[in-house]
Every structure is written in structure tokens, then in C-alpha cells.
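Following: one structure in C-alpha cells, then a few remarks.
The values are calculated or read from the model by the stated rules, or taken from the named source; none is laboratory data. This structure is a prediction, so every number in the text was calculated from the model and none was measured. Counting neighbours? That spans all protein chains shown, and the Cβs are built from the backbone with ideal geometry, glycine included.
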Amino acid sequence: MNDQLQTQLANILTSISTGIQATGSFVLEQLPDVAQQALVYGRITNTIGLVVALILLVVTISYIRWVRRLSYNDYGPRDVPIILAMMGALITTIALGAAVPATVLVWFAPKLWLLQHFSQLVKG
């Protein structure tokens, strides 16, 4: 009875080990595809973020030029448009400050970006 139990236990452990090895080989085969897809995703999202920040920059510059052409008699005091222009410039600076480093990293150092991206996924 004891020999039979040990034989069955050995068979179970062998099948578990075989399953783990098969899973490991599947993961290793699929890893390049997953990394490639993550890199494409990162490039697209970071490039879109950079384009949005650049569009925001153009809008802010256009608004500042428009505010500079205003006179006091056209629409009233210039304080509110100037404050809005300063807020737009601040938001644009923050957006560009966040978008440019991430976009440069994903385009020119993709392996480093992948390491950072996957480490953030593991951390949760």
C-alpha cells in the first residue's frame, strides 16, 4: 500500500513538473510578442500625449497673442484674459514636462522603458 502511494505521488509530481516546464516554455515563446506589443502601445500613447501637449502649446501661444492685442476698451479689463493665459502657460509647461521625457524614453531607449513599464505592472 505504501509503495503504491509513493508511486502515485511520484507520478503526480512528475506530471506537475512537466506542466510547469510546458508553461515556462509557452511563456518564453510568447514573451517577445508581448514585449513588442507593450512597446507599440507605449510608443502610441506617449506620442499621442506629446501631440496633445504640443497642440495645447499652440493654443496657448495663440491665446496669449490675442490677449496682447486687446485693449482696455474692447472687452473691459485685461486682468482675466491675462490670468487665463498664465494658467494655460503653466498647464502647457506641466504637460510638456510630463510628455517629453516619457516619449523620448520609449523611442530612444525602448528596453529601459519596457523594464520600467513591467516593473510598474508588477508593483501594481
Does THR18 qualify as being loosely packed, with under 15 Cβ neighbours inside 10 Å and at pLDDT below 85?
-> yes
Among (1) at pLDDT below 85; (2) in contact with a Ser or Thr (Cβ under 6 Å, 6 or more places away or on another chain), where does LEU84 come up short?
-> (2)
Yes/no for LEU31 being within 28 Å of LEU121 (Cα to Cα), loosely packed, with under 11 Cβ neighbours inside 10 Å, at pLDDT below 80 and among the aliphatic types (A, V, I, L, M) = yes
Result of the Cβ filter at 9 Å on segment 110-124, keeping first residues that are closer than 13 Å to GLY42 by Cα and partners that are among the polar types (S, T, N, Q), at least 6 apart or interchain, is TRP113/ASN46
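Kindly establish whether ASN73 is loosely packed, with under 10 Cβ neighbours inside 10 Å, part of a helix (DSSP H, G or I), modelled with pLDDT under 75 and out of contact with any His (no Cβ under 8 Å at 6 or more places or on another chain).
Criteria met by ASN73.
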